[in-house]
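None of the figures in this text is laboratory data; all of them are computed from the coordinates on show. Remember, it's a predicted structure, so these values are computed and weren't measured experimentally. Ideal geometry is used to build each Cβ from the backbone, glycine not excepted, and the neighbour counts take in all protein chains shown.
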Amino acid sequence: MKRRGWIVAAVIVVGGVGAASADTFGGFAGNEKTYVLGREKVCEPLKVTAAAARGVPACKEAGTEVMATLSLKSPPPERGSEAQVRASAKGQTITVVGRSGEMLVTWQSFDPVASVVDVWRSQYGRIIAVEYKVRRAGREVHEVVGFDLGVGGGGGAKTESGNGTATGSGTGTGTGTGTGTGTGKTEIDPAVKKAVEKARKAKGKAVVAAWASVLALDPEHAEARYRTAAAFAGMKKHADAVAALQHLAQSKRADAIEWLVEARFDKSFVKLVGDAGFRDAVGFDRPAGSAYERLMGLGGQWEQSLTPCDRPEMKLTFKRDRTFRLGFRSTCEGMREAFTMKGTWSMTDVAVELLLSKPGGGRDSAPCLLGTDGDEDTLTCHLDADLAFEARPVRR
């Protein structure tokens with residue numbers, strides 16, 4: 001196993017652009033970035049934005065060596081009552097919907113579509129491939145089009161979190177009414193923003209008063225509740241600290257859970273870890289209630305253990321400011337390799353997307369799916385066609 005860029009994917013799918021004609025569906029690449037037609041044609045699916053796609057897939061003939069790196073997955077077609085996606089056609093338009101009838105993508109063919117033959121869904125729902133029939137020059141032709149719905153199969157409508165990038169040390173820039181899983185930006189009251197910036201600079205006994213000024217403008221401000229609790233804990237006013245966290249726990253603000261998880265590991269509250277009220281407020285003793293809590297609730301550290309000559313050690317650490325660090329280490333018969341990658345992350349209800357800068361510019365992304373193994377959470381990540389791993393949470 002060798003490092004290539006940030007572990008650059010082995011398949012380059014640019015080449016000639018054109019619809020795939022009379023080709024059979026051959027499977028999805030393991031990293032869910034490409035799909036295969038026939039035995040040696042690799043295609044890049046169309047990006048889906050706002051439940052719509054345009055154009056035709058970019059496909060390229062690939063040799064045997066390239067095909068061998070794809071870790072192809074060949075799921076059965078989506079049929080019957082258990083189908084997760086369905087496709088239909090009317091005129092030149094193909095429409096794909098989810099199991100509950102939600103619109104996933106619409107796309108227009110150059111030719112009138114006679115019928116949809118089959119539809120396939122990749123393992124983590126990122127790519128949908130549709131085989132359909134058209135009549136061309138008096139002949140019936142089968143074609144396949146692939147759609148990239150984005151990590152988690154969400155249709156590519158990615159939005160940024162409205163809670164900004166505040167960190168536990170108060171260096172962030174958000175005021176916090178958005179969600180940790182990407183529900184869109186939130187307008188920030190300029191007066192609240194100014195009060196928050198001032199409160200973050202306060203020291204000593206002035207901290208409580210400074211955050212009280214924020215709460216006077218926005219009574220449910222999550223960071224203000226958290227900072228107030230931390231200040232009370234530092235002053236040994238433990239009952240007041242717990243009360244502030246309990247108030248935060250009742251908040252309807254989507255970023256409240258992020259601050260409650262932060263409190264589990266903040267040294268300001270170390271003397272309260274045994275307090276029943278504190279434990280109840282921050283959720284120490286209850287199951288995770290959201291994807292964010294599953295990802296971060298035990299400290300945001302995930303690990304795959306090392307097995308020499310079989311699988312590498314992968315240590316993945318997420319931070320609340322949406323940055324991550326990934327450590328790689330492998331060993332086999334005296335050969336050792338180790339490196340570290342850093343980037344940012346975003347998430348949906350079931351998946352996490354890792355974003356890394358490429359050496360030549362731009363960004364690469366890698367999907368990670370939240371799953372379970374018995375009563376333990378798992379995080380399965382596909383970094384490229386060669387490297388996938390399944391990590392387990394590390395208790396901090």
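Fully extended, how many nm does the chain gain between THR24 and GLU376 (0.36 nm per residue separation, minus their Cα-Cα distance)? The partial results should precede the final answer.
Values: separation 352, 0.36 × 352 = 126.72 nm, distance 3.90 nm.
122.8 nm is the gain from fully extending THR24 to GLU376.
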For the stretch 266-396, the dipole about the Cα centre with charges only on Cβ (Lys and Arg +1, Asp and Glu -1), to the nearest 20 debye, works out at 660
Computed curve, the stretch 190-286, Cα-only Debye sum without solvent term, log₁₀ I(q)/I(0) at 0.16, 0.23, 0.25 Å⁻¹, is -0.60, -1.18, -1.35
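Determine, from the Cβ-Cβ distance of LEU72 and PHE265 and an R0 of 45 Å, the FRET efficiency 1/(1 + (r/R0)^6), rounded to the nearest 0.05.
Details: r = 41 Å, r/R0 = 0.92.
Step by step, r from the Cβ atoms, then E = 0.65.
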Short to long, in 10 Å steps from zero, the percent of alpha-carbon pairs of the stretch 20-153 per bin is 13, 47, 33, 7, 0
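Counting only other residues whose beta carbon sits under 14 Å from that of ALA256, what net charge do I get with K and R as +1, D and E as -1? Let's see the in-between values first.
On the way: positive: ARG225, ARG227, LYS252, ARG253, ARG264, ARG320; negative: ASP218, GLU220, GLU223, ASP255, GLU258, GLU262, GLU293.
Neighbour charge sum, excluding ALA256 itself: -1.
THR340: net charge of surrounding residues, Cβ under 10 Å, Lys/Arg +1, Asp/Glu -1, itself excluded?
Values: positive: LYS315, ARG325, ARG329, LYS342; negative: none.
Every neighbour counted, the sum reads +4.
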Using eta = 1.306 mPa s and T = 10 °C, Stokes-Einstein with Kirkwood Rh from Cα pairs puts D for the stretch 296-393, in µm² s⁻¹, at 113
